[in-house]
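This report concerns only the one structure given below.
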Amino acid sequence: MSFVSIALDGPSGAGKSTLARRLAETLGYLYVDTGAIYRTVGLWVRRQSCDPGEEAAVSALLGRLEIRMQVEQDGVQHMYLNGEDVTGQIREPEISMYASAVSALPPVRAFLLEMQRQLARTHSVVMDGRDIGTVVLPDATVKIFLTAVPEVRARRRWLELRERGNTDSYEQVLQDVIRRDEQDRNRAIAPLRQAEDAVLLDTSGLDLEESSRALLEIVKEKIG
Ligand code: DC
């Protein structure tokens, strides 16, 4: 049996996770939020009071880390860190920075690569991340690069955080978005970039419904 894989890459706040989840639901595929996996590593490193930029120290911690991903009845992808459900905790803004920092380390990327590929070998997937079309699934059936201008992405993230009770200002969120973009685009290994054969979708001027429709159209055109 052959599986279909849809790679959805782009910077944070482009609407990837919401759109990817909806697309997976529509198609009946497994949704894989790879950012959540990096966030789980970030949380682990934070809990061990380890500097997320220290490659050797972070690498030494990976041996004691067991990550499991499970889609539960609510349709949400839950993340388990050594058996503990950390789905809520990995969304803290502080963990975003930890995730971004550890994701620049080669041992961390190597540790997670096989886990991601295995999911695509055993399911039809919509996988969202930064390097899915370029590194993780270079032969993905459909590749889409989703983006929006930083101000729009920051505003979306700010609204989302506010809904969860976070009081960070819009300016603060914008600074974080810009800093994380920089970090994700300029790292030496698997930087955020559009794959040559990816279709670009800019959602700056589109609301969720419009973005969702545009995305589905791109996919239908490729897989019929
Ligand atoms: O998508 P997100 O904001 O949850 O991702 C958190 C961090 O993880 C992000 O700053 C970059 C990193 N990441 C990555 O390097 N590669 C991926 N495939 C997904 C996320």
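The values are calculated or read from the model by the stated rules, or taken from the named source; none is laboratory data. Since the model is a prediction, treat every value here as computed from it, not as a measurement. With ideal geometry, Cβ positions are generated from the backbone for all residues, glycine too; neighbour counts draw on all protein chains shown.
Remarks
- Output for segment 5-29, where each listed residue is out of contact with any strand residue (DSSP E or B) (no Cβ under 7 Å at 6 or more places or on another chain), within 12 Å of the ligand (Cβ to nearest atom) and at positive phi: GLY13
- Just one of the listed residues (ARG39, ARG68) is within 14 Å of the ligand (Cβ to nearest atom), within 19 Å of ARG117 (Cα to Cα) and of a type in the set (D, E, K, R), namely ARG39.
- Looking at segment 116-224, the helices (runs of 4 or more DSSP H) lying wholly inside it that each contain 3 or more residues that are closer than 22 Å to ILE37 by Cα sit at 150-163, 170-186.
- Residues satisfying the stated conditions in segment 160-209, i.e. hydroxyl-bearing (Ser, Thr, Tyr) and either away from the ligand (no atom under 16 Å from the Cβ) or loosely packed, with under 14 Cβ neighbours inside 10 Å (or both): THR167, SER169, TYR170, SER204
So that you can scan it fast, the table gives a plain yes or no per residue for (1) touching a strand residue (DSSP E or B) at 6+ places or on another chain (Cβ under 6 Å); (2) away from the ligand (no atom under 13 Å from the Cβ); (3) at pLDDT below 95:
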| residue | (1), (2), (3) |
| --- | --- |
| THR34 | yes, no, no |
| LEU43 | no, no, no |
| GLN48 | no, yes, no |
| PRO52 | no, no, no |
| ALA57 | no, yes, no |
| GLU84 | no, yes, no |
| PRO93 | no, no, yes |
